[in-house]
Each structure stands twice: as structure tokens, then as C-alpha cells.
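A.B. asks: Handing you a structure now.
Every read-out reported here was derived from the displayed coordinates using simple, explicitly stated rules and does not represent laboratory data. These numbers come from a predicted model, not from an experiment. Every residue, glycine among them, receives a Cβ derived from its backbone with ideal geometry; neighbour counts consider all protein chains shown.
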Amino acid sequence: MPELAELDDFRSQVRSWLTENRPPEPDFLLPETFMEVGTDQQFQYLRDWQQQVYEAGYLGMAWPAEYGGGGREQVFQDIVDQEMGRLKVPFMPNTIGLNWAGPLILHMGTEEEKQRYIRGILSAEDIWCQGFSEPDHGSDLGSVQTRATRDGDEWVINGSKIWTSLGSYAKYMILLARTNPEAPNRYAGLSYFLAPMTAPGVETQPIRKLTGEYGFVQTFFDDARIPADCLMGEEGQGWQIAMTTLTFERGASGGQAGGLSMMSIGVDDVVELARRSQRDGRPVLDDPLIRDQLVRFVIEARGDRLCAKRAAIPALVSERPASIPLSSKLRTTEHRRRLFQFALSLMGAQGALWVGDPQASDGGRWQRSYFNAFSATIGGGTSQVQANIVGERVLGLPKGS
């Protein structure tokens, strides 16, 4: 572990660099997460920022140097991420590559796959998307129907995936497809691919969200041919690899590259909103009930930030050691959704206004944030699925309880 003085010096260096190099505010609306990147302007702005951060050495700091990472201890990347959140700089657009595909490849990939993919993930040269969900099966990944059929040195893909974040800009997809429909059970017939989105026969169709923004697409495969070496692991091993991917996506496993994955809007911003909002001619923050609710949010947010440290102390998690990693996604996404809903309640009738209305508080950002927050409670397994996971694997409840 580095000395405290070294870490303090590094934090000051990072803070100075971020302050001096943060990109100027654009004259267009920035997305709040990678799930809202829907225009070329937004995408290029964020991609340029990720490339700048990587070239400065502040992304993938704990990933192996031989694949393009920094080869340093995780604590340095943690400091960078903390300062990014404090200064509210833009997020990294290649979220799926940095947080899911990259850690998976480093954990389970071959040497050739690591050499081929990792550097491009960090530099944002290669954007990644995820091909798990399908139109007719929702969260039931075991029922995937997209087919992959071996034909010589290629796989032929047919089917459709939906809610493909960044699908319009992605070069690669982590794809779960059925290779053996005659397998003894539905899980055994699935395989996992690192599939190029540039293959003939792959098309994407943007999906307009409730907010009027884009970011999601539906991806269609019509006799799309991809090289045989796009198969990750062995044929029929797809379910195991997909479940490993989800541990990274849900934050149950570490090893992510770092950087923000969404705009840093938190409880401190809501406290400031309460100071500025008026009710009966007085600041909303003067209301003791409002202060009590805000304190609860502050405690909850602080507790979530300390969870990683708590999980590393055996005495604090001895009874249920898996409780913190398995509950992380559920806790953090639901906290964010409830926090933004509370922010709207502070505005009274103004909470009904929308982005662009001159009377809307902060230009309507809170209304937009509230609607966008639902994406994270659905992607990676809905909150209901996450609650079942906690109930079954942490509390030991029977399935269906």
C-alpha cells in the first residue's frame, strides 16, 4: 500500500489535471448516462473526453500494463474516480467495455483476446454494447432464442436483441446466443460471443424513450456472419460466462477500469436544491420534516459509499459475507430513483414542468433525471430480480417466496 503522503500528492495532481483539462460546457444537452447517448455530437464529445483521460494515464490504472492499462494499485484509480465525482466532470461513454466486457476478458479471456480488445476499450477506439435481452423474454436470459449456427470458419447469427445501449456506435457486442436448441436443458445450449457489430447482416434501430431521448436500440441479425474465433470459452459455456458478466455489471465483482459511468448528481445537489426552493415564501430546507428526510438520504448515500470497505472487514460481514456485493446494484439504483423523486417533491407545481420550460428549476434536469433513473433499475436485472437474488442467496429464502 502506498504511503499516505504519496496518495495525497497524487490526489492533488489529479484534481489539478481535471480542473485544467475538463472539456468546456457544450451548447447541446449532454446525456446523463451511457444509456442516453443518442446523437453524434454527444457521442463524439464524450469519446474525446475518454480518450483524453486515458492518454493522461487516469483510466484503467489497475489493469495490466501489457494490455494498455496502468499496472498500478487500485487505490490510485479510486482516487481518480472520487475526484471526477467531486468535480462533476463528464462520464466515460464506453461503460459496457470498461465495466463489463473488459473485466470479463481480463478474467476469463485468452491471451489473444486480451491483446486484441483491452487497449481499444480503454482508449474508446472500440465501443462495446451488450446483447442479452430479447423482445419476447425480458429478464429471462435462459429463454434466449437468437440462434448461432456454425458454418465452417464462421458463425451465422439470426435473431434480435433489444435495449442495446450504444448499439448505434458500438464496434463489438457481448452476445449471448443459442447454439444447441437440442441441449438437455435451456442453459446448456447457450454460447457467448465477442461479436463485431460491423458484420454484414447486423442492423440497429433506435428506440425513442419517454424523455424524448435515444440511446437504446433494437439490434437485428439477419444471417450475420462472424468469425469462428469470436466464440468466447467453449460452445455451450455461454450461461456461465453470462452470469460472470452480470457480477461485473451489478458491481458484485471488482476489476472495472474506472471513470464515471453517469453524471455525478447526488444527495448534496438535492440539499442545495432544498435551499433554493421556496414554499410559503420560505426555503424548503427550513421544514424540519424535509431536513429529516434529507438526513436519511445522506446517511444512506454515505453507507453505500462505505460498503466496499465494510465488505473487506470479516467481522462486519461474517454472518452474510455475500450481502454487500449481491445487494449493491439494488441499493444504489433504487436510492438514485427515490432521491430524484424526492427532489421533484421539493418543487411543488414546478415539478410538472419539463426540459426547456423557462419556469422549470435548473432547466428541468430533475424531471429528466427522475425518468432516466428507471433505466438503471431495469438494466442488469430488474429491482424485483435483484430482490429475489438477495432473498434467496443472502437470506436463504426458498424460491418463489
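A.B. asks: Return the long-range amide H neighbours of residue 133 (sequence gap of 5 or more, or a different chain), with a cut-off of under 5 Å between placed amide H atoms.
C.D. replies: Result for residue 133 returns 162.
A.B. asks: Further question: How big is the stretch 332-401 by the Kirkwood estimate over distinct Cα pairs, in Å?
C.D. replies: 13.8
A.B. asks: Stretched out fully, how many nm does the piece from residue 48 to residue 279 gain, at 0.36 nm a residue minus the Cα gap?
C.D. replies: That pair, residue 48 and residue 279, stretches by 78.9 nm at full extension.
A.B. asks: Tell me which residues come under 5 Å, amide H to amide H, from residue 224 once H is placed; ignore anything under 5 positions away on its chain.
C.D. replies: Excluding prolines and chain starts, which carry no amide H, the hits are 157.
A.B. asks: I've got another one for you. Which three lengths, in whole Å and largest first, does the stretch 97-254 cover when its Cα atoms are put on their principal axes?
C.D. replies: 43, 33, 32
A.B. asks: Could I ask something else about it? What is the fewest-to-most order of 113, 392, 36 by other Cβ atoms lying within 10 Å of their Cβ?
C.D. replies: In increasing order of surrounding Cβ atoms, one gets 392, 113, 36.
A.B. asks: Tabulate in residue order the Karplus-calculated ³J(HN,Hα) for the stretch 161-174, using 6.51 cos²θ - 1.76 cosθ + 1.60 with θ = phi - 60°, rounded to whole Hz; enter x for Gly and Pro.
C.D. replies: With the stated coefficients, the stretch 161-174 comes to 10, 9, 6, 7, 4, 6, x, 6, 10, 6, 9, 9, 10, 7 Hz.
A.B. asks: Using amide H atoms built in the peptide plane, which far-off residues or other-chain residues are under 5 Å from residue 70 H to H?
C.D. replies: 61, 62, 63
A.B. asks: Can you work out the Karplus-derived ³J(HN,Hα) for every residue in the stretch 175-186? Use 6.51 cos²θ - 1.76 cosθ + 1.60 with θ = phi - 60°, whole Hz, and x for glycine or proline.
C.D. replies: Ordered by residue, 3J(HN,Hα) equals 10, 9, 9, 8, 9, 9, x, 9, 4, x, 9, 5 Hz.
A.B. asks: Sorted from largest down, what three extents in whole angstroms do the Cα atoms of the stretch 37-189 have along their principal axes?
C.D. replies: The Cα atoms of the stretch 37-189 stretch 51, 35, 26 Å along the principal axes, largest first.
A.B. asks: Continuing with this model, one more query. Does the stretch 192-331 come out rounded, prolate or oblate, given a ≥ b ≥ c as the square roots of the eigenvalues of its C-alpha gyration tensor, rounded meaning a/c under 1.5 and, failing that, prolate meaning a/b above b/c?
C.D. replies: In terms of gyration-tensor shape, oblate.
A.B. asks: On a C-alpha basis, how far is the centre of the stretch 7-56 from the centre of the stretch 79-120 in Å? Whole number, if you could?
C.D. replies: Rounded to whole Å, the Cα centres lie 15 Å apart.
A.B. asks: Could you work out which residue, out of 27, 40, 78, moves most in a Gaussian network model of the chain, that is, has the largest mean-square fluctuation with Cα springs under 10 Å?
C.D. replies: 27
A.B. asks: Once you compute Rg and the Kirkwood Rh from C-alpha atoms, what is the Rg to Rh ratio for the stretch 267-394?
C.D. replies: Computed over Cα atoms, the ratio is 1.06.
A.B. asks: With 10 angstrom as the radius, rank 81, 287, 153 by how many other C-beta atoms surround their C-beta, starting from the fewest.
C.D. replies: Working: 81 20, 287 16, 153 9.
Ordered by Cβ neighbours within 10 Å, fewest first: 153, 287, 81.
A.B. asks: Taking the number of other C-beta atoms within 10 Å as the exposure measure, put 204, 333, 39 in order starting with the fewest. Working shown, then result.
C.D. replies: Numbers: 204 19, 333 24, 39 16.
Going from least to most buried by this count: 39, 204, 333.
A.B. asks: Something else about it: Using a Cα-Cα cut-off of under 20 Å, which lysines could be cross-linked to residue 114, ignoring same-chain neighbours fewer than 8 residues away?
C.D. replies: Partners found: 171.
A.B. asks: How high is the FRET efficiency between residue 25 and residue 207 when r is their beta carbon distance and R₀ equals 30 Å, given to the nearest 0.05?
C.D. replies: 0.60
A.B. asks: Mean 1/r over all different Cα pairs, inverted: what Kirkwood radius does the stretch 4-125 give, in Å?
C.D. replies: 15.2
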